[in-house]
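Colleague: The following block contains the structure, expressed as structure tokens.
Laboratory data are not the source of any read-out in this text; all were calculated from the coordinates shown. The model shown is predicted, which means the values in this text are computed figures rather than measured ones. Every residue, glycine as well, gets a Cβ built from its backbone with ideal geometry; the counts of neighbours run over all protein chains shown.
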Amino acid sequence: MRITTIFVVADEPDVHNLLSDLFDRENLHNEIFTTVESFLERISTEMSGCLLLDISLPGMGMEGLNNLLVQLGNKLPIITVGHSNDWRSAIEGLKKGALDFLEKPFAGEEVLEAVKHALQLNIDKRCYLRQRMEAQQRFGKLTKRESEVLGCMLESKASKDIADQLAMSIRTVEFHRSNIMKKMEADSPIDLGRMDAMAFGCYCVRNL
């Protein structure tokens, strides 16, 4: 079972204690790492949650942050923390995809607000990706002919027009339409449009 976790990468014991106590009080599962290297060993495709990264770590800087963002990809939302003189790295991180920057010393409520926002974004993204994969799998069940009929349906064409365009009888078109609705588990053409948008990013006739 995937556990939603706040991953903290920082080397200051005071920061460890503050954040660990804060998250424990909120019943938020958390893991503390003292180095980026130890965190990278933990990275997996099953990770769920967010990363709280101290960019004041020795050797981090802009180059170290860039390397970490590349290795992490889009697996987790990242919140960076640091001192006011870390502003160059903070800005670079935001440009590269970090979600937020918290300046030390930070208040507990400020951290909780940022972390809960990041966790919700991660949940929403995983939900979207799961729905997208399910939609793509349903499209994969269609035959080539059914895909052609579906393309016409998504253009709101009537069965007679589809029959003329694809050189088949109206009865055959209706047969394909029925199969499409069953395979796609759709209740209406609107459902098909939603699944098309979910699977391929827009309402469009794909290159079938």
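Colleague: Under the Karplus relation 6.51 cos²θ - 1.76 cosθ + 1.60, θ = phi - 60°, what is the ordered set of whole-Hz ³J(HN,Hα) values for segment 22-34, x standing for Gly and Pro?
Modeller: Couplings: 4, 6, 4, 5, 8, 6, 9, 5, 9, 10, 10, 10, 9 Hz.
Colleague: Any idea what angle helix 170-184 forms with the longest principal axis of the chain, computed on alpha-carbon atoms, 0 to 90 degrees, nearest 10?
Modeller: Taking Cα atoms only, the helix is inclined about 20 degrees.
Colleague: Okay, next question. What is the angle, in °, between the Cα long axis of helix 108-139 and the longest principal axis of the Cα atoms in the chain? Nearest 10 is fine, range 0 to 90.
Modeller: Compared with the principal axis, the helix lies near 20 degrees.
Colleague: Can you put Met133, Met181 in order of Cβ neighbours within 10 angstrom, beginning with the fewest? Write down the numbers at each step before the final one.
Modeller: Values: Met133 12, Met181 17.
Listed from fewest to most nearby Cβ atoms, that is Met133, Met181.
Colleague: For the chain, divide the Cα radius of gyration by the Kirkwood radius and give the resulting Rg/Rh value with two decimals. Mind showing how you got there, number by number?
Modeller: Numbers: Rg = 24.2 Å, Rh = 20.2 Å.
Rounded to two decimals, Rg/Rh equals 1.20.
Colleague: Compute the long axis of helix 87-96 from its Cα atoms, compare it with the longest principal axis of the Cα atoms of the chain, and write down the angle in degrees, 0 to 90, nearest 10.
Modeller: Roughly 10 degrees between the two axes.
Colleague: Moving on to the next point. Quick check on segment 140-200: take the gyration tensor over C-alpha atoms, sort the square-rooted eigenvalues as a ≥ b ≥ c, and tell me if it's rounded (a/c under 1.5), prolate or oblate.
Modeller: Details: a/c = 1.79, a/b = 1.58, b/c = 1.13.
It is prolate, given that a/c is not under 1.5 and a/b is the larger ratio.
Colleague: Right, here's the next one. For the chain, modelled as a Gaussian network with Cα springs under 10 Å, which listed residue fluctuates most, Gln120, Gln165, Gln131?
Modeller: Gln165
Colleague: Hey, another quick one. Arrange Ser147, Ser56, Ser156 by Cβ neighbour counts within 10 Å, fewest through most, would you? It would help to have the intermediate numbers written out before the result.
Modeller: Values: Ser147 16, Ser56 19, Ser156 9.
Placing the least packed residue first, the sequence is Ser156, Ser147, Ser56.
Colleague: Of Met168, Leu129, Thr143, which is farthest along the charge dipole of the chain in the positive direction, counting Lys and Arg as +1 and Asp and Glu as -1 at C-beta?
Modeller: Comparing the listed Cα positions along the dipole, Met168 ranks first.
Colleague: Based on DSSP H runs of at least 4 residues, each adding -39500 (n - 2.57), what is the mean residue ellipticity at 222 nm of the chain after dividing by all its residues, to the nearest 500 deg cm²/dmol? Before the final figure, lay out the partial values.
Modeller: Numbers: 9 runs with 117 residues, N = 208.
After summing the helix terms and dividing by the residues of the chain, the value is -18000 deg cm²/dmol.
Colleague: Same structure, new question: Can you tell me the relative contact order of segment 78-201? Whole percent, Cα pairs under 8 Å, sequence separation 6 or more.
Modeller: On the way: 92 pairs, mean separation 26.6, N = 124.
RCO, segment 78-201: 21 percent.
Colleague: In Å, what Kirkwood hydrodynamic radius results for segment 90-197 from the alpha-carbon pair distances?
Modeller: Numbers: mean 1/r = 0.0577 Å⁻¹.
About 17.3 Å for segment 90-197.
Colleague: Could you list, in their original order, any pairs among Lys125/Lys157; Lys75/Lys104; Lys75/Lys183; Lys160/Lys182; Lys96/Lys125 whose Cα atoms are separated by more than 28 Å? Please report the intermediate quantities before stating the final value.
Modeller: Working: Lys125/Lys157 33 Å; Lys75/Lys104 25 Å; Lys75/Lys183 31 Å; Lys160/Lys182 21 Å; Lys96/Lys125 18 Å.
In this structure, Lys125/Lys157; Lys75/Lys183 lie more than 28 Å apart at Cα.
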